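Computed from the coordinates by the stated procedures, all read-outs in this text should not be read as laboratory data. This one's a predicted model, so the numbers in the text were calculated from it and none came from an experiment. All Cβ positions, even for glycine, are placed from backbone atoms using ideal geometry, and neighbour counts span all protein chains on display.
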2 protein chains.
Amino acid sequence: MTTDQTMVKIILDRWEASVKNCDTLVNSLSDEQLQREIAPGKNRGIYILGHLIAVHDHMLPLLDLGKANYGELDKAFIESPDKAVSELPSVAELRSMWNKQKEELKQQFDKLSAENWFERHTSVSEEDFAKEPHRNKLNIILTRTTHLAYHTGQLVYLK
Amino acid sequence: MTTDQTMVKIILDRWEASVKNCDTLVNSLSDEQLQREIAPGKNRGIYILGHLIAVHDHMLPLLDLGKANYGELDKAFIESPDKAVSELPSVAELRSMWNKQKEELKQQFDKLSAENWFERHTSVSEEDFAKEPHRNKLNIILTRTTHLAYHTGQLVYLK
């Protein structure tokens, strides 16, 4: 295994472990629990679940793996805080999107070689990437992994 | 910049950004806020702060950078759940440890070369490391970064 392959493995392993952690947690929570606020006056579980799906969806175009599938979630779950939008998908619908997305991201990520992961992501120009080679695709996975861990730490308090 | 250096930068940048996030948050919370439960019946802020210091302290021996400095925190903040140990350091004492530790970890990490980061950490044997080269020092930083993000997501609800 080359050092590059080792690094890709380290970061993808951490992403997958974080997705699994969150997935196990979400599956252990009832729809009713996910409708609750995590702490008085704070975000509800349903908002965090929708937010994670919407943020992960944007990884596809960022990684040049196709277009986002759930653009309709952005308004309620990225652009607005919780409770600002009254019409939300049901928890059952979000669970279904989460499960489908989990599989799709895995399939898409599996297609990339170690070399691909060190290429620039689509929101950095070729010129900037030449100066800042750390703005690669693997870095997207890393920042989304810490983002996911942050919100999983919140969802756990719904138990 | 070599790919190895790029990878070290990506992961250390993420660690430092996560420490800074948590640091800014902790500094914005009063001692009284840190004494509160994050959600009814859940961990208090003081417990999470002590837990983070204790866990980060163990990075030093794991990375072969010396011995742990705050072993006295383990019993209350790693081995026991919140409220199981009644005698805890004060929030002021924990803040002081956190600040001192933040500087020490930075100084110690700055000493390591990219090559050093790809060496095995001390809890993996040479034999196992030969088969599993991803169990390197950089991986310790990565797992501690997601751990830190997880708990920062909880502390933010004290605001």
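Values for this structure:
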{"read-out": "Of all residues making up region B:1-32, the number that are out of contact with any Ser or Thr (no Cβ under 9 Å at 6 or more places or on another chain) and basic (Lys, Arg)", "value": "2"}
{"read-out": "Tally, over region B:62-80, of residues that are surrounded by fewer than 16 Cβ atoms within 10 Å (Cβ to Cβ), in a helix (DSSP H, G or I) and either of a type in the set (Gly, Ala, Ser) or in contact with a Cys (Cβ under 8 Å, 6 or more places away or on another chain) (or both)", "value": "1"}
{"read-out": "Matching residues in region A:69-118 - criterion: being within 18 Å of A:Cys22 (Cα to Cα) and among the charged types (D, E, K, R)", "value": "A:Glu93, A:Arg95, A:Lys100, A:Lys102, A:Glu103, A:Glu104, A:Lys106"}
{"read-out": "Qualifying positions in region A:14-48 - among the aliphatic types (A, V, I, L, M), away from chain B (no Cβ under 12 Å) and in contact with a Lys or Arg (Cβ under 8 Å, 6 or more places away or on another chain)", "value": "A:Val26, A:Leu29, A:Leu34"}
{"read-out": "Elements of type helices (runs of 4 or more DSSP H) contained in region A:1-61, each with 1 or more residues being within 27 Å of A:Thr122 (Cα to Cα)", "value": "A:3-28, A:45-57"}
{"read-out": "Answer residue from region A:1-13, given it is facing chain B (nearest Cβ under 9 Å) and among the hydrophobic types (A, V, I, L, M, F, W, C) and is farthest from B:Leu12 (Cα to Cα) among those", "value": "A:Met1"}
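Matching residues to (1) touching a residue at least 60 places away in the same chain (Cβ under 8 Å); (2) in contact with a Gly (Cβ under 9 Å, 6 or more places away or on another chain); (3) more than 30 Å from B:Glu32 (Cα to Cα):
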residue: B:Glu103; (1), (2), (3): no, no, no
residue: B:Gln108; (1), (2), (3): no, yes, yes
residue: B:Ala114; (1), (2), (3): yes, no, yes
residue: B:Val124; (1), (2), (3): no, no, yes
residue: B:Glu127; (1), (2), (3): no, no, yes
residue: B:Ala130; (1), (2), (3): no, no, yes
